[in-house]
Structure formats: C-alpha cells, structure tokens
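The values are calculated or read from the model by the stated rules, or taken from the named source; none is laboratory data. In this text the structure is predicted, and so the values were computed from the model without any measurement. Note: ideal-geometry Cβ built from the backbone for every residue, glycine included; neighbour counts use all protein chains shown.
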Amino acid sequence: MKIPKVDFYFGALLSQLVNRGYTPVMKESGNDRRIYALEKDSGSYLIYAKYSFTPRLKSESKIWTFFFYDTELEKTLGQDGRYLFAFICGEDDLNNSEILLLTESEVIECIQTTDESSKWLTIEMANRKRTLTIRGNAHTKGTPSLRIPRSADQRLEDLPTMLF
C-alpha cells in the first residue's frame, strides 16, 4: 500500500496534538485540508489544517503560500472563535517541515477584506529566527505583518488561554 505524502504531514500534526494530551477526531477529510475536533479539559474546538510543500526561496528564508476559497472561509470564520488553524509548512526532507498554529482572529487579521479577490496567507520562515512573519491579502495596503513565535510547542501549551 502506497502512503500519500500528505498523510505524513497530517500525521505529524496529529502526533503533536496527541503527545500534548489532545484527543483529535477527524470531522472532514480532503486532499488539501482536513478538519479535526479537539477535546481537552480546557474545552473543545475545531482545528482546520492545510498544508503546502512547495516553499519559495527568498535569500535567507522560505515562504509558503496558502489560498482560501470563499466556501472555506464561510465555514470557518465567524464561528465564535471555535476554529484554530494549523498550517503545515512541508519540505521534501520531512525533518525540516514545521507546523504553525494561528487563532481565528489572527487569520482574520491577515485575510479579511471586503475585496472579492482571492484570499491568501503567506508564512515566511527566516533561518535561525524565533519568529515567523505572516502576511495576507489584507496586508497589501501597508499594514504591518503579523509576527508569531516559531515554537508550535509553546503555542500548543498556550492554546487554552489563546482560545478561551
């Protein structure tokens, strides 16, 4: 049985969640995204996971781009903060892949515009930096980029206070 590459990426996310005491249950599956329900003593919510394994190279950094369809945004945004977004930034060498977690409000800050054009978000990882730079179509008008700590471990530990 051949295992698709995407299963390694989503499996890495599930491994990180289970190792920290979460009980993920798949609610919806797709080729480019998946939705999991998470339960823990601190509460329950949904995690919307997307992956990209084709980074663009920019001098000392790598940039992954994630596109959103209007149907995805209608389903996830404006749901009383119930969604957490997991962006899996993949590499051919799976050991160098990373996962970034964003709250619903952080995603809204990056992509929410009244413009009907496509919605997108980029994640820039500079070598040896402890923060990631997040930009979206909402940042094209000179607004500052979002800076997020690079440690997914720290974000998972802070999750209950980030969401509740």
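Structural remarks
- Members of segment 11-53 found to be in a strand (DSSP E or B) and aliphatic (A, V, I, L, M), listed by number: V25, M26, I35, A37, L38, L46, I47, A49
- Selection status of F66, crowded, with 17+ Cβ neighbours inside 10 Å, closer than 18 Å to L146 by Cα, touching a residue at least 40 places away in the same chain (Cβ under 8 Å) and within 15 Å of the chain's Cα centre (by Cα): yes
- Tally, over segment 1-30, of residues that are touching a helix residue (DSSP H, G or I) at 6+ places or on another chain (Cβ under 7 Å) and modelled with pLDDT under 85: 1
- Here is the figure for segment 52-67: residues that are β-branched (V, I, T), out of contact with any Pro (no Cβ under 8 Å at 6 or more places or on another chain) and at pLDDT 90 or above total 1.
- Condition check for S61: among the hydroxyl-bearing types (S, T, Y) and free of Cβ contacts under 8 Å to residues at least 40 places away in the same chain: no
- Qualifying residue in segment 78-100 (condition: over 10 Å from the mean Cα position of the chain (by Cα), aliphatic (A, V, I, L, M) and more than 21 Å from M26 (Cα to Cα)): yes
- Within segment 79-96, tally of residues that are in a loop (DSSP other than H, G, I, E, B), in contact (Cβ under 8 Å) with a residue 24 or more places away in the chain and surrounded by fewer than 19 Cβ atoms within 10 Å (Cβ to Cβ): 5
- Those residues of segment 11-68 which are aliphatic (A, V, I, L, M) and either touching a His at 6+ places or on another chain (Cβ under 7 Å) or more than 23 Å from K129 (Cα to Cα) (or both), in sequence order: L14, L17, V18, V25, M26, I35, A37, L38, L46, I47, A49
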